[in-house]
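Visitor: The structure follows.
The values are calculated or read from the model by the stated rules, or taken from the named source; none is laboratory data. A quick note: this is a predicted structure, and the numbers were derived from the prediction, not measured. Heads up, the Cβs are rebuilt from the backbone with ideal geometry, glycines too, and the neighbour counts pull from every protein chain shown.
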Amino acid sequence: MTLKGLQRRVPILVWGSQYNGRQFADDFLAAIIVMVMLVPQSLAYAMLAGLPPEMGLYASILPLVAYTLFGTSRALSVGPVAVISLMTAAAISRLELSDPSQIISAAMILAMMSGLFLVLMGILRLGFVANFLSHPVIAGFITASGILIALGQLPSLLGISGGGHNLPELLHSLGLGLIATVDAPEWPTIIVGLLTLIYLFWSRKALAPLLQKAGLSARAATMMARLSPIVAVLGSGVAAWSMDLGNRGVTLVGTVPTGLPGLTLPAFSLPLWQSLAVPAMMIAILGFVESVSVAQGLAAKKRERIDPDQELIGLGSSNIAASLAGGFPVAGGFSRSVVNFDAGAATPAAGFFAALLIAAATFFLMPYLAWLPRATLAATIIVAVWSLVDFSIVKKAWQYSRADFLAVVSTIVVTLAVGVEAGVATGILVSIFVHLYKSSRPHVAIVGEVPGTEHFRNVLRHQVITHEHILSLRVDESLYFANTRFLEDLVYKEIAERPALKHVILMCSAVNEIDLSALESLEAINSRLGDLGIKLHMSEIKGPVMDALKRSHFLDDLTGRVYLSQHQAVTDIVQAQA
């Protein structure tokens, strides 16, 4: 491998060679802020995944180091995220494992398989695969997932039993839990949970303006507001310790192992790996889409760019590192990354420093985390995911495209009714179906010349010049197997209604490709028009398309000609008729 190729695969070799003291100061400050935010988030998302809380911290250390080496975004912060944690919980629960060690092993396997899948995609430059999930479908899925996550945290918030992986299961279990405790509510837990919830929602809206009035800059006030969950964690922890809430019915996090785990490979069990293969692929694809969207948005603000294929390797190596460290699948988190960006992270080294600080926290903070109420973590998750719930996408899709509306609604409904795995699968399938449906019925316009110009426009939208013996059709889509029959039927319909027709011109300015099925269809159109005494012409064919046509006999058999422009084609035919 050349030095340039090595630098592309290991981006730290590029930015690391130019690293300086000012960047170190910016990165270390950002790392401190991200670490403060990441510790409670990691605990909460581990709980959401149905795993021991310390696994959240384990999934936040080595993945950051791996992304520092192989990632291309200077602001993306990798670690546990809400939707991926929910998908992890759903995948593991389907296995019906009872042994805690097997559950932990399954989570590590998911991280390993997701990482290997992402790395393989990166090596093969398959980043485009993520495009099979359209943005409206992703928005619909994340909205439905946010609802499931929020409802799933209500039992911990209210001190009742309950659970489930879809809306019917969650509502049923919540109903039973509320009925069981209606005569004796867990008031200490409810008070802790609701106070935390109220504070967190208030701080998101009102804390920043309040801090600005107190004299802080807008940036500093916004940063402090985003770190408000730390205040909730510290406050509830102190309250639990001073008031001995653990003996008053409040469920606490409990003893958390101190220090770092040793590196280990997940146990190999062929049936278990086979069972988790599909969920791992879904987690990998969705995590990649979410991470790249965040990374690209932040990079654009600084006029930087990221390499999606290298991001596959960066995220893949992060998941492999999470597995080796005893963690679960990770991705780039939106809130953490925004905080990292706003805190002034200059390079990916900010993630490395954050990893070191979190590693130190596992030695010094673990004894204090035992006093943290689970209701506080539940409230933290609810507030974090509530911003994911966005039903405006349904209205936008309805107003803009019925096909996209169907895709969004079906994804939301299936995710809520069946579960996240079915929701992701539905999203992918519906996205592909919508694309095939739209491209199978391409927009084909009958065009005419705008008077006094050489431009051709749709006869239904403009006052244009047409000729009764010429039919000009502009095809606004590449031609392939799914839409060739549509084009044939349209051409035959139009010539049947035009007895004076002598020439058909296909204007191909929007055609980027003609596959073999479409070529055969064009040959059939050419032959049939020839039998009717009508010549088929083509204009404005793009270079790559023309190169492909030259490799066939189509141009030799064409009854008409190929023209550089539509204006030239019509002018030549009209002059020949004169």
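Visitor: Looking at the structure I just gave you, is Glu520 assigned by TED's automatic domain parsing to the domain that holds Thr559, farther than 22 Å from Val574 by Cβ and part of a loop (DSSP other than H, G, I, E, B)?
Guide: no
Visitor: Pull out all pairs, ordered by first then second residue, where Cβ-Cβ is under 7 Å, the residues are six or more apart or on different chains, the first lies in segment 241-257 and is over 18 Å from Met47 (Cβ atoms), and the second is among the β-branched types (Val, Ile, Thr).
Guide: Matching pairs, first to second residue: Gly249/Thr189.
Visitor: Follow-up question, since we're still on this one. Which of the numbered conditions does Gln18 fail, given that it passes all the others? Conditions: (1) more than 14 Å from Ala350 (Cβ to Cβ); (2) in contact with a helix residue (DSSP H, G or I) (Cβ under 7 Å, 6 or more places away or on another chain); (3) among the polar types (S, T, N, Q).
Guide: Going through the list (1) more than 14 Å from Ala350 (Cβ to Cβ); (2) in contact with a helix residue (DSSP H, G or I) (Cβ under 7 Å, 6 or more places away or on another chain); (3) among the polar types (S, T, N, Q), Gln18 breaks only (2).
Visitor: Here is a list: Thr559, Thr484. Which entry is surrounded by fewer than 19 Cβ atoms within 10 Å (Cβ to Cβ) and β-branched (Val, Ile, Thr)?
Guide: Of the residues listed, the single one that is surrounded by fewer than 19 Cβ atoms within 10 Å (Cβ to Cβ) and β-branched (Val, Ile, Thr) is Thr559.
Visitor: Residue under question is Lys502, and the condition is that it be surrounded by fewer than 19 Cβ atoms within 10 Å (Cβ to Cβ), under 16 Å from Ser565 (Cα atoms) and assigned by TED's automatic domain parsing to the domain that holds His567; does it hold?
Guide: So Lys502 does not fit the description; no.
Visitor: Of all the residues that make up segment 174-220, how many are closer than 29 Å to Gly152 by Cβ and either touching a strand residue (DSSP E or B) at 6+ places or on another chain (Cβ under 7 Å) or of a type in the set (Ser, Thr, Tyr) (or both)?
Guide: Count: 6.
Visitor: Return yes when Leu43 is hydrophobic (A, V, I, L, M, F, W, C) and farther than 25 Å from Ala361 by Cβ and no when it is not.
Guide: No: the conditions fail for Leu43.
Visitor: Looking at segment 404-426, which of its residues are more than 20 Å from Ser85 (Cα to Cα) and of a type in the set (Gly, Ala, Ser)?
Guide: Listed by number, the residues that qualify are Ala407, Ser410.
Visitor: Further question on the same structure: Checking the structure you have, find out if any residue of segment 309-317 is more than 30 Å from Leu148 (Cα to Cα), outside any helix (DSSP H, G or I) and of a type in the set (Asp, Glu).
Guide: Checking segment 309-317: not a single residue is more than 30 Å from Leu148 (Cα to Cα), outside any helix (DSSP H, G or I) and of a type in the set (Asp, Glu).
Visitor: I need the full set of residues from segment 321-351 which are assigned to a helix (DSSP H, G or I), over 21 Å from Thr362 (Cα atoms) and over 21 Å from the mean Cα position of the chain (by Cα), in order please.
Guide: Asp342
Visitor: Would you tally the residues in segment 347-370 being surrounded by fewer than 21 Cβ atoms within 10 Å (Cβ to Cβ) and out of contact with any Ser or Thr (no Cβ under 8 Å at 6 or more places or on another chain)?
Guide: Final tally of qualifying residues: 8.
Visitor: Restricting to segment 262-286, give me the number of residues that are closer than 21 Å to Val81 by Cβ and not hydrophobic (A, V, I, L, M, F, W, C).
Guide: Total meeting the criteria: 2.
Visitor: Just one of the numbered conditions (1) outside any strand (DSSP E or B); (2) surrounded by 13 or more Cβ atoms within 10 Å (Cβ to Cβ) is not true of Gly452; which one?
Guide: It is condition (2) that Gly452 fails.
Visitor: Given the residues Asp572, Asp531, Asp547, Asp489, which is the only one that is of a type outside the set (Lys, Arg) and over 25 Å from Thr466 (Cβ atoms)?
Guide: Result of the check over Asp572, Asp531, Asp547, Asp489: Asp547.
Visitor: If I go through segment 196-235 residue by residue, how many of them are among the β-branched types (Val, Ile, Thr) and out of contact with any helix residue (DSSP H, G or I) (no Cβ under 6 Å at 6 or more places or on another chain)?
Guide: Selection size over segment 196-235: 2.
Visitor: Collect the residues in segment 231-250 that are of a type outside the set (Gly, Ala, Ser), crowded, with 16+ Cβ neighbours inside 10 Å and farther than 12 Å from Tyr368 by Cβ, keeping them in residue-number order.
Guide: Leu245, Val250
Visitor: While we're here: Could you pull out every one of the helices (runs of 4 or more DSSP H) wholly within segment 4-61 that has 1 or more residues that are under 19 Å from Leu260 (Cα atoms) and in the same structural domain as Leu95 (by TED's automatic domain parsing)?
Guide: 21-48, 54-58
Visitor: Checking Leu272 against (1) within 33 Å of the chain's Cα centre (by Cα); (2) closer than 30 Å to Ile190 by Cβ: exactly one of these is not met. Which one?
Guide: For Leu272, the exception is condition (2).
Visitor: Taking segment 415-442 only, how many residues are within 30 Å of Gly152 (Cα to Cα) and either free of Cβ contacts under 8 Å to residues at least 24 places away in the same chain or not in a helix (DSSP H, G or I) (or both)?
Guide: 5
Visitor: Among the residues of segment 264-276, are any over 27 Å from Ile103 (Cα atoms), surrounded by fewer than 19 Cβ atoms within 10 Å (Cβ to Cβ) and among the aromatic types (Phe, Trp, Tyr)?
Guide: Taking every residue of segment 264-276 in turn, none turns out to be over 27 Å from Ile103 (Cα atoms), surrounded by fewer than 19 Cβ atoms within 10 Å (Cβ to Cβ) and among the aromatic types (Phe, Trp, Tyr).
Visitor: Okay, moving on. For segment 499-512, what are the residues that are closer than 19 Å to Thr559 by Cα, in a loop (DSSP other than H, G, I, E, B) and not hydrophobic (A, V, I, L, M, F, W, C)?
Guide: Matches in segment 499-512: Pro499, Lys502.
Visitor: Ok, one more. Taking segment 529-555 as the search range and keeping residues that are more than 47 Å from the chain's Cα centre (by Cα) and in a helix (DSSP H, G or I), which one is farthest from Thr453 (Cα to Cα)?
Guide: The qualifying residue farthest from Thr453 (Cα to Cα) is Asp531.
Visitor: So if I check each of Ser472, Ser517, which one is of a type in the set (Ser, Thr, Tyr) and under 38 Å from the mean Cα position of the chain (by Cα)?
Guide: After ruling out the rest, the residue left standing is Ser517.
Visitor: Of the residues Leu216, Leu200, which is buried (at least 17 other Cβ atoms within 10 Å of the Cβ) and under 24 Å from Ala384 (Cβ atoms)?
Guide: Testing whether each residue is buried (at least 17 other Cβ atoms within 10 Å of the Cβ) and under 24 Å from Ala384 (Cβ atoms) leaves just Leu200.
Visitor: Go through segment 523-578 and give me each residue that's in contact with a strand residue (DSSP E or B) (Cβ under 8 Å, 6 or more places away or on another chain) and among the charged types (D, E, K, R).
Guide: Across segment 523-578, the qualifying residues are Lys535, Glu540, Arg561, Asp572.
Visitor: What about Leu227, is it of a type outside the set (Ser, Thr, Tyr), surrounded by 13 or more Cβ atoms within 10 Å (Cβ to Cβ), assigned by TED's automatic domain parsing to the domain that holds Phe328 and closer than 24 Å to Ile381 by Cα?
Guide: Here the answer is yes, as Leu227 does meet what is asked.
Visitor: Also, quick follow-up: Quick check: is even one residue across segment 374-392 part of a helix (DSSP H, G or I) and more than 30 Å from Gly159 (Cβ to Cβ)?
Guide: yes
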